[in-house]
Amino acid sequence: MQEKTFNYKIADAQGTYVAPIAPEQFDIEGYCAYEADLLDKCRIFWEKKNGVAVYRRFRVPEVFSYGSKDLKTSLALQLAALQESMKYKADIPNFLEPWYGIGTVVSAFGLNYEWHDNQAPATRTPFKSIEEVLQAEQKPVEETEIGRHTLEMIEYFLDKTKGKIPMSFTDTQSPLNIASALVDINSFFLEIYDNPEGVKELFGIITKLLIDFTKKQHTYIRDALASPGHGFSSSRAFQGLGMSDDIMLMLSDAIYEEFALPYAEQVGANFGGTAFHSCGNWTRKIPVVKNYKNLVMADGAFSQETDPDANLPDLFSEAYKGTGAVLNARIVGNAERVAEQVKKLWRPDMKLIVATYCDTPEEQEKAYERIHEICR
């Protein structure tokens, strides 16, 4: 079968478009019953050393771009996605997310968002050196405009859903990703060599800010928390904190293990373990990611329709079999494409979640049955 290529003409290759639903029109009890029916499956999967689960992710493009500016719009679109998701056969339910860009922690250093038409919020990298950042005034994320808005989103979501619908933390970036958004990237890489202690001091500050604000979110979300969150297949029955760590592809393994990994581990240790994500092809980084203490999940794209530089399935299956860590495999494509990739990914002694994006309930059911047939 000839694989389709990545479609650059659409806003989100992993997105599903829906018409918004007002909170008053959403069947809260119906979704609670749907989630309850799947929770036992989720618990059993999480506690076992091997097995497979299927997640049909409903990612609404506007929610993860310009639609995040208005919390009412974000919730209405996400509720529509939850309602639509119940038509698609899966083992893991979808969840709400108070997504408000990726500038959450950098806001503690005085940054705020710039909004461009039909785009996700953006920040400018304000500092030219590590020392400039270290000398800058910092304040708790919850006291910044971005932090306050994120907490307001959580409160609004909880209020309108009576706190009954699963919800994740906002999009969590790794300390490395956060640092790269603060300092001119060329200077940042040079200072790893020229000012290593300063780099580590900055990572320590970022780590504390990140842990503190994530804990603050937890005081609001409490029992509704779905983990690991954001782009990871998530459930109240799962554990860990998912972090995006895309910049790691630009570092050597040795530098990553010295400067970045310990701080991401420290964050994850506060929330039941670390879940790792990077866009693109991080196949060559498998060994260093496996070095995480208490790695609970690793996420990657496994078809050209998902990511133009998708990962190599055979190497991932060999690496993650027998580890107990979940491989979260995102596969955009029809049932045939999904089955083809799952055959390459699956090993009997691994834990695999297949995140699908099939266009119709009928195609999703085909994919669901094929996945479970292959992974017996």
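The values are calculated or read from the model by the stated rules, or taken from the named source; none is laboratory data. These numbers were taken from a predicted model, which means no experiment stands behind them. Note that we place each Cβ from the backbone using ideal geometry, even for glycine, and neighbour counts take in every protein chain shown. Note: areas computed on protein heavy atoms with side chains; ligands, DNA, RNA excluded. Shrake-Rupley method; radii C 1.70, N 1.55, O 1.52, S 1.80 Å.
Assorted remarks:
- If you go through segment 229-275 and pick out every residue that is more than 15 Å from the chain's Cα centre (by Cα), of a type in the set (G, A, S) and either in a strand (DSSP E or B) or within 26 Å of L96 (Cα to Cα) (or both), you end up with 3.
- Only one of the numbered conditions (1) open to solvent by less than 50 Å² (accessible area, probe 1.4 Å); (2) more than 22 Å from A237 (Cα to Cα); (3) assigned to a loop (DSSP other than H, G, I, E, B) is violated by P348, and that is (1).
- The one condition in (1) in contact with a strand residue (DSSP E or B) (Cβ under 9 Å, 6 or more places away or on another chain); (2) surrounded by fewer than 20 Cβ atoms within 10 Å (Cβ to Cβ); (3) of a type in the set (S, T, Y) that T219 fails to fulfil: (1)
- The set of residues from segment 323-337 being in contact with a strand residue (DSSP E or B) (Cβ under 6 Å, 6 or more places away or on another chain) and in a loop (DSSP other than H, G, I, E, B) comprises just one member, A325.
- Scanning segment 276-320 for residues that are charged (D, E, K, R) and not in a loop (DSSP other than H, G, I, E, B) returns R284, K285, K290, D299, D314, E318.
- Filtered residue count, segment 273-308, keeping only those that are touching a residue at least 60 places away in the same chain (Cβ under 8 Å) and either surrounded by 20 or more Cβ atoms within 10 Å (Cβ to Cβ) or among the hydroxyl-bearing types (S, T, Y) (or both): 6
- Yes/no for A11 being assigned to a helix (DSSP H, G or I) and either open to solvent by 40 Å² or more (accessible area, probe 1.4 Å) or of a type in the set (K, R) (or both): no
- Qualifying residue in segment 239-246 (condition: of a type outside the set (A, V, I, L, M) and touching a Cys at 6+ places or on another chain (Cβ under 7 Å)): yes
- Taken over segment 144-174, the criterion of being in contact (Cβ under 8 Å) with a residue 60 or more places away in the chain and charged (D, E, K, R) is satisfied by E152, E155, K160, K162, K164, D171.
- Scanning segment 256-272 for residues that are open to solvent by 20 Å² or more (accessible area, probe 1.4 Å) and of a type outside the set (F, W, Y) turns up E257, E258, P262, E265, Q266, A269, N270, G272.
- One residue stands out among those in segment 324-338 that are surrounded by fewer than 22 Cβ atoms within 10 Å (Cβ to Cβ) and more than 16 Å from Q304 (Cβ to Cβ): the one that is modelled with the highest pLDDT, which is A335.
- Tabulated pairs, segment 87-98, first of a type in the set (S, T, Y) and open to solvent by 10 Å² or more (accessible area, probe 1.4 Å), second at pLDDT 95 or above and not in a loop (DSSP other than H, G, I, E, B), C-beta under 9 angstrom, 6+ apart or interchain: Y88/R56; Y88/T356; Y88/P361; Y88/Q364; Y88/E365; Y88/Y368
- Residue match in segment 53-61 (condition: surrounded by 23 or more Cβ atoms within 10 Å (Cβ to Cβ) and farther than 24 Å from K164 by Cα): no
- Residues of segment 30-82 classified as in contact with a Gly (Cβ under 7 Å, 6 or more places away or on another chain) and assigned to a helix (DSSP H, G or I), total: 6
- When restricted to residues that are open to solvent by less than 20 Å² (accessible area, probe 1.4 Å) and under 27 Å from W346 (Cβ atoms), segment 16-52 contains 5.
- Residue check, S187 among the hydroxyl-bearing types (S, T, Y) and part of a helix (DSSP H, G or I): yes
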